1. crowded, with 16+ Cβ neighbours inside 10 Å and either farther than 17 Å from residue 109 by Cα or modelled with pLDDT of 95 or more (or both): does that describe residue 171?
2. Is it fair to say residue 168 is hydrophobic (A, V, I, L, M, F, W, C), on the phi > 0 side of the Ramachandran plot and not in a helix (DSSP H, G or I)?
3. Out of (1) more than 18 Å from the chain's Cα centre (by Cα); (2) assigned to a helix (DSSP H, G or I); (3) of a type in the set (Lys, Arg), what's the single condition that is false for residue 176?
4. Can you tell me how many residues within the stretch 118-163 are surrounded by fewer than 17 Cβ atoms within 10 Å (Cβ to Cβ), modelled with pLDDT of 90 or more and assigned to a helix (DSSP H, G or I)?
5. Just give me the residues in the stretch 175-220 being of a type in the set (Ser, Thr, Tyr) and either buried (at least 16 other Cβ atoms within 10 Å of the Cβ) or at pLDDT below 85 (or both), in sequence order.
6. Look at the stretch 31-55 and say how many of its residues are out of contact with any helix residue (DSSP H, G or I) (no Cβ under 9 Å at 6 or more places or on another chain) and buried (at least 18 other Cβ atoms within 10 Å of the Cβ).
7. When the stretch 8-34 is examined, which residues are found to be touching a residue at least 60 places away in the same chain (Cβ under 8 Å) and not hydrophobic (A, V, I, L, M, F, W, C)?
8. Given the criterion in a strand (DSSP E or B), modelled with pLDDT of 95 or more and over 29 Å from residue 141 (Cβ atoms), identify the matching residue among 73, 39.
Amino acid sequence: MQFDLKKLMKPGLRIFVSAIGNPAKMVSNVVTVRDADIAVTIPAKSGFFHTLASGTAADISFFSGSGGYTFSANVLKRVMLNGVPVLILDMPKDVNRSERREYLRVSTLFPVKLVLTELEGENEKMKVVNKEYSALCVDISAGGIQIDAASSKIIPLADGVVMEIDFLNALEEIHRLKGVAARAPRNPNDGWGIKFADISKNAETKISRYIFKKQREKTK
């Protein structure tokens, strides 16, 4: 499928590069996207630069907006552009979108506490009872989390169940967020998906910062 890379790959965008046949991912940044080619900084991994020879075929992946994209390109040459050494890649024929969810998410593993609100009693004697359950967060996005399969079998969740998610100091300055059970497990190895409700822009930013930190750790 064809996508407009000039709109997707803005200067400074972080991309991941791996020579075809070598799964090791290196980090690079877009310098400019022209009609016939793409200029990127020399790829680096663990603080070391790795220049790819002319003619090398490489797999490129990046995240832009709400999606992840991949394509293959050939290294045409290495040149100096405005005093910076860059690699010139040919313009790909096909670009594939690999992530179609609303938010970029990342696999992770940290404990959370779900505080479910239930009602007990009858009529005027009815009272609110908060019941707490321990679980593991196995992936996270700015839109919500997924908990582990084992906890999902024990915690009484159903579509629309409202809760408070206590992150137990796992996230920067985020203690609790309101959540709604929104996606039932599709198979025995899946856990419940919980959507954040009324999340602030500040909290979204902090979760996004955590996600990109985890992405960088995976490339080292």
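The values are calculated or read from the model by the stated rules, or taken from the named source; none is laboratory data. The shown structure was predicted, so the numbers you read here are calculated from the model rather than taken from an experiment. Quick reminder, even Gly has a Cβ in these numbers, built from the backbone with ideal geometry, and neighbours come from all protein chains shown.
1. Values: crowded, with 16+ Cβ neighbours inside 10 Å: yes; either farther than 17 Å from residue 109 by Cα or modelled with pLDDT of 95 or more (or both): no.
When the stated conditions are applied, residue 171 does not pass them.
2. Values: hydrophobic (A, V, I, L, M, F, W, C): yes; on the phi > 0 side of the Ramachandran plot: yes; not in a helix (DSSP H, G or I): yes.
Considered against the rule, which asks whether it is hydrophobic (A, V, I, L, M, F, W, C), on the phi > 0 side of the Ramachandran plot and not in a helix (DSSP H, G or I), residue 168 comes out as yes.
3. (2)
4. Matching residues across the stretch 118-163 total 4.
5. Applying the first criterion (of a type in the set (Ser, Thr, Tyr)) to the stretch 175-220 yields 200, 205, 208, 210, 219.
Scanning the stretch 175-220 gives 205, 208, 210, 219.
6. Kept after step one, since they are out of contact with any helix residue (DSSP H, G or I) (no Cβ under 9 Å at 6 or more places or on another chain), are these residues of the stretch 31-55: 31-32, 36-37, 39-55.
Next, from what is left, pick out any that are buried (at least 18 other Cβ atoms within 10 Å of the Cβ): 31, 39-41, 43, 52.
Selection size over the stretch 31-55: 6.
7. As a first pass, look at the stretch 8-34 and keep what is touching a residue at least 60 places away in the same chain (Cβ under 8 Å): 8, 16, 25-27.
Selection gives 25 alone.
8. Numbers: 73 fails: over 29 Å from residue 141 (Cβ atoms).
Of 73, 39, the one residue that is in a strand (DSSP E or B), modelled with pLDDT of 95 or more and over 29 Å from residue 141 (Cβ atoms) is 39.
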